[in-house]
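None of the figures in this text is laboratory data; all of them are computed from the coordinates on show. Because the structure is a prediction, the values reported are computed rather than measured. A quick note on method: Cβ atoms are made from the backbone with ideal geometry, for glycine too, and the neighbour counts reach across all protein chains shown.
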Amino acid sequence: MGFPAQRPRRLRRTGAIRSLVRETGLSAGDLIYPMFVCPGKRVRQEIGSMPGQFNLSADEAVAEAQEARSLGVPAVILFGIPPSKDAKASGAYDPHGVVQEATAAIKKDVEGVLVIADVCLCEYTDHGHCGVVQGEEILNDPTLDLLAKTAVSQARAGADIVAPSDMMDGRVAAIRKGLDAAGFDQVPILSYAAKYASAFYGPFREAAQSTPKFGDRRSHQMDPANVREALKAVRLDIEEGADMVMVKPALPYLDVIHRVRQAVDVPVAAYHVSGEYAMLVAAAKNGWIDRDRAVLESLVAIRRAGADLIVTYFAKEAAHLLGG
Ligand SMILES: [Zn+2]
């Protein structure tokens, strides 16, 4: 029974009908706002390759978190830019480290917002790698202790959720064990389970000053050509105790998000990364695309692929557009 009995345009005629039959929802409550926190007071330094995003001192991060919360964004995720770096990434697990201080300040001053702390070492090592290095090799097992220590110190500072992004083997189990031993058995782990070695992280590295001094991250992050491997990585992380899993980046990896969503029953997050943000902002700035529509379309596509949660630099902007 085709045309003329079937006329799909009947359900597209008006905004009210389109809204009634819309399959995928997008709301501020699905979004997580990433922030880069640095030392000092009243510091608010714009990131060149990410117009509209800033390096923020703890007091300014509090203001941003407040604004995000008031727009209906439930969570922020924090990355640290420490005052100094060394081979052991001491700043990552310093009780007075930048992320720990910002976490404590936000938890104290912003009611109801969830603070997620990113767990990795690359922002804190002088060589810029995600783990302990010997020669040009990133050592897996010696890195696990430092990651667990980092997560525990973040939980101690008040982080609601820890999010390991390092892609070392066994990190989720090590972090779970460390958290439990320190009395934080109620702190969930959101693991960056399928994190690809992507060119789209470029602007982030400028923001976090975490470009490796030698080599690259292809020995631990995933090959963009692989999807079965993503399912394996996700399953292993869940077996080790991940409460939620993440796919990163988002738009170039919608098929991965979809496959992960089908394969597991834990919440799935996707990270709409810095390069994805920068491309949209740059094209809109040149008048080549409609920024508002492109932002919402990108985010709804990530949701449609199967992400429950989206980490995005557009979180506040999208919440605003969605009427927050
Ligand atoms: Zn890293």
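Would you mention how many residues in the stretch 113-122 are within 7 Å of the ligand (Cβ to nearest atom) and touching a residue at least 60 places away in the same chain (Cβ under 8 Å)?
Step one: filter the stretch 113-122 for residues within 7 Å of the ligand (Cβ to nearest atom), giving 120-122.
Cutting the leftovers down to touching a residue at least 60 places away in the same chain (Cβ under 8 Å) gives us 122.
Of the residues in the stretch 113-122, 1 are within 7 Å of the ligand (Cβ to nearest atom) and touching a residue at least 60 places away in the same chain (Cβ under 8 Å).
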Q: Answer yes or no: is there a residue in the stretch 138-154 that is away from the ligand (no atom under 13 Å from the Cβ) and assigned to a loop (DSSP other than H, G, I, E, B).
A: no
Q.
Can you list the helices (runs of 4 or more DSSP H) lying wholly within the stretch 1-95 that have 2 or more residues being in contact with a helix residue (DSSP H, G or I) (Cβ under 9 Å, 6 or more places away or on another chain) and of a type in the set (Asp, Glu)?
A. 58-70
**Q.** Number of the exception - Ala193 against (1) of a type outside the set (Val, Ile, Thr); (2) away from the ligand (no atom under 13 Å from the Cβ); (3) within 17 Å of Val76 (Cβ to Cβ); (4) surrounded by 24 or more Cβ atoms within 10 Å (Cβ to Cβ)
**A.** (3)
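Every residue, every condition in (1) more than 18 Å from the chain's Cα centre (by Cα); (2) surrounded by 19 or more Cβ atoms within 10 Å (Cβ to Cβ); (3) of a type outside the set (Ser, Thr, Tyr); (4) under 21 Å from Ala89 (Cα atoms), yes or no:
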site: Ala199; (1), (2), (3), (4): no, no, yes, no
site: Asp223; (1), (2), (3), (4): yes, no, yes, no
site: Glu229; (1), (2), (3), (4): yes, no, yes, no
site: Arg235; (1), (2), (3), (4): yes, no, yes, no
site: Val260; (1), (2), (3), (4): no, yes, yes, no
Q: Looking at (1) under 21 Å from Val119 (Cβ atoms); (2) without any contact (Cβ under 8 Å) to a residue 40 or more places away in the chain; (3) surrounded by 14 or more Cβ atoms within 10 Å (Cβ to Cβ), find the lone condition where Ala181 falls short.
A: (3)
Q. Restricted to the stretch 271-303, and to residues that are basic (Lys, Arg) and buried (at least 16 other Cβ atoms within 10 Å of the Cβ), which residue is nearest to the chain's Cα centre (by Cα)?
A. Arg303
